[in-house]
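First up is the structure itself, then whatever we jot down about it.
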Amino acid sequence: MTLKGEQGPTLRTDAARNRARVLQVAREQLAAGDDSLQLNTIARLAGVGVGTVYRHFPNRHALREALSAERFRELVAEAQAAAADEDALGGLHRLLRFTLARALDDSGFAAVLESASDTEEQTSALKAELDLAVAHLLDRARGIGAIRRDIEADDVRRLLCGIEHALRSGAIDSTRTEVYLGVLLEGLRPPR
């Protein structure tokens, strides 16, 4: 029997079960405070061979992508809701706060969000959906003269990742978060 895996291709039942077990163990490791995602350790804890882990996840980044898929789906849904909001600028502000909060809460998700290349096809598809929704939102905000004409969806993602790095380099506190978001929002406005 074969099952459709999260990553796309059809997996045999035992392969799907092994993949799910590896993801479960990786989540447990993260919950216990170990974000190293050592594939050999995860294989041992999951009771599968190292080759099995590497077949599903050729590197730690691929594993991070799989672990971040649900967060990405939430972000895409939030971006689509923001793009549909009557108040385009308000929707953009909410989306920026939402994205930054998730990135600060989950460094693995932040790494996937900022990565220039993806291992999993699913991640590329989710990033494309995200960029499409953000592009629509930016077009609406440009239409009311609220943001610069030369800013694209990918720029917004990179700028948010920069803020996430800046906040992680010091003590993360809500005051600095709001200051940095304010600087970003001001920088998105059209030149005077």
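The values are calculated or read from the model by the stated rules, or taken from the named source; none is laboratory data. Keep in mind it's a predicted model, so treat the numbers as computed, not measured. Side chains included, ligands, DNA and RNA excluded: accessible areas come from the protein's heavy atoms. Shrake-Rupley method; radii C 1.70, N 1.55, O 1.52, S 1.80 Å.
Key figures for this structure:
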| quantity | calculated |
| --- | --- |
| Added length on full extension, which subtracts the Cα-Cα distance from 0.36 nm per residue, Phe98 to Tyr54 | 12.6 nm |
| Acute angle (nearest 10 degrees) that the helix 13-31 long axis makes with the longest principal axis of the chain, alpha-carbon atoms | 60 |
| Accessible area in square angstrom per residue, the chain, 1.4 angstrom probe | 52 |
| Relative contact order (%) - criterion: Cα under 8 Å, at least six apart; region: the chain | 19 |
| Percent carbon-and-sulfur accessible area, the chain, ignoring ligands, DNA and RNA, probe 1.4 Å | 51 |
| Gained length - Arg168 relative to Ser124, 0.36 nm times residue gap less alpha-carbon distance | 13.3 nm |
| Gyration tensor (alpha-carbon) shape descriptor, the chain, a/c threshold 1.5 | prolate |
| Gain in span if fully extended, Arg17 to Glu114, counting 0.36 nm per residue against the direct Cα distance | 31.9 nm |
